Amino acid sequence: DTEVTQTPKHLVMGMTNKKSLKCEQHMGHRAMYWYKQKAKKPPELMFVYSYEKLSINESVPSRFSPECPNSSLLNLHLHALQPEDSALYLCASSPQIRTGTDTQYFGPGTRLTVL
Amino acid sequence: GEDVEQSLFLSVREGDSSVINCTYTDSSSTYLYWYKQEPGAGLQLLTYIFSNMDMKQDQRLTVLLNKKDKHLSLRIADTQTGDSAIYFCAESDDKIIFGKGTRLHILP
């Protein structure tokens, strides 16, 4: 089973709302990732968790707050977003973070629209 | 810095072979990947090749790697309408670097 699941599939929120994106994998992977993808662009890395600890934060604004409650779950908490944050948010996982050796498996994404 | 380049658009007649090309700059990449993204969907890992391999075949997919020229290609044999998607080439060292994606359009 190489499935990464994400909920919700679509999310519309106002700039004053607080919402969360969820990601789950049951492959025993110890590294999990959040990416942001704008239309017709490649995914851009936001955060990396390794063994439930934040390993990489690609200078993401604090209105995005990641959380890894356990090895299977990854959340992205959203607060006071801007319309330009509208995008497809992709979660991925890989067995570990090891230089260049671990294949990442992606979820279907959450399509976020900020009004 | 690391960079991955690929053409943005490819148009192929149904039943023909599609060849999507990619060049990369980081010679230390251990794995190189091809991901497929259908409209509105996430990325699907199609195949990957280890950097010490020249070729990998998986059913209709053939990946060729020229490490000297840092050139990677994906050949899809007998292209079908379901192959219509964006194909991302990617390399990984400490993180994945994606190309901008090649949109494959299938002509009837």
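The values are calculated or read from the model by the stated rules, or taken from the named source; none is laboratory data. Since the model is a prediction, treat every value here as computed from it, not as a measurement. Virtual Cβ from ideal backbone geometry, glycine too; neighbours counted across all protein chains shown.
Here are the numbers for this structure:
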| quantity | calculated |
| --- | --- |
| Residues that are buried (at least 16 other Cβ atoms within 10 Å of the Cβ) and not in a strand (DSSP E or B), drawn from the stretch A:1-29 | A:His29 |
| Residue match in the stretch A:76-86 (condition: touching a helix residue (DSSP H, G or I) at 6+ places or on another chain (Cβ under 9 Å) and under 24 Å from B:Gly40 (Cα atoms)) | yes |
| Strands (runs of 3 or more DSSP E) (entirely within the stretch B:1-105) containing at least 2 residues that are at pLDDT below 95 and aromatic (Phe, Trp, Tyr) | B:31-37, B:43-50 |
| Selection status of B:Leu45, within 24 Å of A:Pro108 (Cα to Cα), surrounded by 16 or more Cβ atoms within 10 Å (Cβ to Cβ) and free of Cβ contacts under 8 Å to residues at least 40 places away in the same chain | yes |
| The stretch B:70-84: number of residues that are among the charged types (D, E, K, R) and on the phi < 0 side of the Ramachandran plot | 2 |
| Complete set of residues in the stretch B:43-101 that are touching a Cys at 6+ places or on another chain (Cβ under 8 Å) and over 28 Å from A:Gln6 (Cβ atoms) | B:His71, B:Leu72, B:Ser73 |
| Qualifying residues in the stretch A:81-115 (those that are over 17 Å from A:Lys36 (Cα atoms) and touching a residue at least 12 places away in the same chain (Cβ under 8 Å)) - the one surrounded by the most Cβ atoms within 10 Å (Cβ to Cβ) | A:Ser94 |
| Answer residue from the stretch A:100-109, given it is part of a loop (DSSP other than H, G, I, E, B) and modelled with pLDDT of 90 or more and is nearest to A:Glu3 (Cα to Cα) among those | A:Gly107 |
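Table: residues versus (1) within 30 Å of A:Tyr49 (Cα to Cα); (2) over 10 Å from the mean Cα position of the chain (by Cα).
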| residue | (1), (2) |
| --- | --- |
| B:Ser11 | no, yes |
| B:Ser27 | yes, yes |
| B:Tyr35 | yes, no |
| B:Glu38 | yes, yes |
| B:Leu43 | yes, yes |
| B:Asp58 | no, yes |
| B:Asn66 | no, yes |
| B:Ile86 | yes, no |
